[in-house]
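Contents: one structure, followed by commentary.
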Amino acid sequence: MNTNIEELKYLIKELEKETLEPKTIDRINELFFSFEREEKDYDAILVLTSSAIKRVEKAVEVYHQNPCPMILSGGSIFPKDQMIEAERFYIYAITHGVKEKDIILELKSQNTKENFLYSLPLLKDKKKCLLVTSSQHMMRALLTGEEVKKELKMDNPQWIPCPCYATLVPKNNWFKESTAKKIIQGEMERLIKYRLIRE
């Protein structure tokens, strides 16, 4: 996960090329697709909601492996049906066997930093939290989570990354898809913008 702003700027320029060099593909794979869940011992699940239904599908899958409290964080509204992201994920979760008593809705956040600002107080007694988000979003999410923990003067929970792989950013051949390249480029730009990568 170690990188810096100069490397991100270099990779953003490389992503503008039609054909990527193997070393560029390898480095981006390392940065965005190398998060694999190893630990199975966790006492909460934090799901960063979005329009990507695969995030809640992954969260439900891991919940059934180890039932524990699940926070669905996200207050953005879908324009089509005016439903809040976390509410939509809630309906999916209870429909697929997650107990209502195990779900906590966080409905105020509008971005990744707010996901953590509003969710971390709900996790103050937890030691290890499974963090569920899209693979390309995971690095920024982990860094944001650590930054917010410092702001709130919290030591726990420790994050266990649990990525899901979005349809638009296929793990093994994202570099062949212009949409996937643009999504990854956008993540790199946000990392620079949020100043989470320290030089």
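The values are calculated or read from the model by the stated rules, or taken from the named source; none is laboratory data. Keep in mind that this is a model prediction, so the values were computed, not measured. A quick note on method: Cβ atoms are made from the backbone with ideal geometry, for glycine too, and the neighbour counts reach across all protein chains shown. Heads up: the accessible areas ignore ligands, DNA and RNA and are worked out on the full protein's heavy atoms, side chains in. Shrake-Rupley method; radii C 1.70, N 1.55, O 1.52, S 1.80 Å.
Some observations on this one:
- Within the range 111-171, the trypsin sites (Lys or Arg not before Pro) that combine a DSSP coil assignment with at most 16 other C-beta atoms in a 10 angstrom radius are K124, K127, K153, K171.
- Cβ-Cβ FRET estimate between K101 and Q65, R0 fixed at 25 Å, reported to 0.05: 0.85
- Sites N111 and T19 - FRET efficiency at Förster radius 30 Å, r taken between beta-carbons, to 0.05: 0.35
- The DSSP beta bridges internal to the chain are antiparallel in roughly 5% of cases.
- Full extension of the chain segment joining S76 with T179 gains 34.8 nm, where the gain is 0.36 nm per residue of separation less the Cα-Cα distance.
- On a per residue basis, the range 1-113 carries 55 Å² of accessible surface, using protein heavy atoms and a 1.4 Å probe.
- Result for the chain in a Gaussian network model with C-alpha springs under 10 Å: among G186, G75, G145, the largest mean-square fluctuation is at G186.
- Nearest-20 debye value, the chain charge dipole, Cβ charges on Lys, Arg, Asp, Glu: 220
- For the range 131-199 versus the range 7-71, the gap between their alpha-carbon centres in whole angstrom: 7
- A simple spin-label model places pseudo-atoms 7 Å from Cα toward Cβ; at K124 and E36 they are separated by 3.8 nm.
- Three-way shape label, the chain, alpha-carbon gyration tensor, a/c 1.5: prolate
- Summarising the strand pairing of the range 14-111, around 10 percent of its internal DSSP beta bridges are antiparallel.
- In the chain, helices alone account for a calculated mean residue ellipticity at 222 nm of -13500 deg cm²/dmol, with every DSSP H run of four or more residues adding -39,500 (n - 2.57).
- Surface composition of the range 1-66: carbon plus sulfur atoms hold 45% of the accessible area, using a 1.4 angstrom probe and ignoring ligands, DNA and RNA.
- Shape category assigned to the range 83-199 from the gyration tensor of Cα positions, a/c cut at 1.5: oblate
- Between E7 and R195, the contour length at 0.36 nm per residue exceeds the alpha carbon distance by 66.3 nm.
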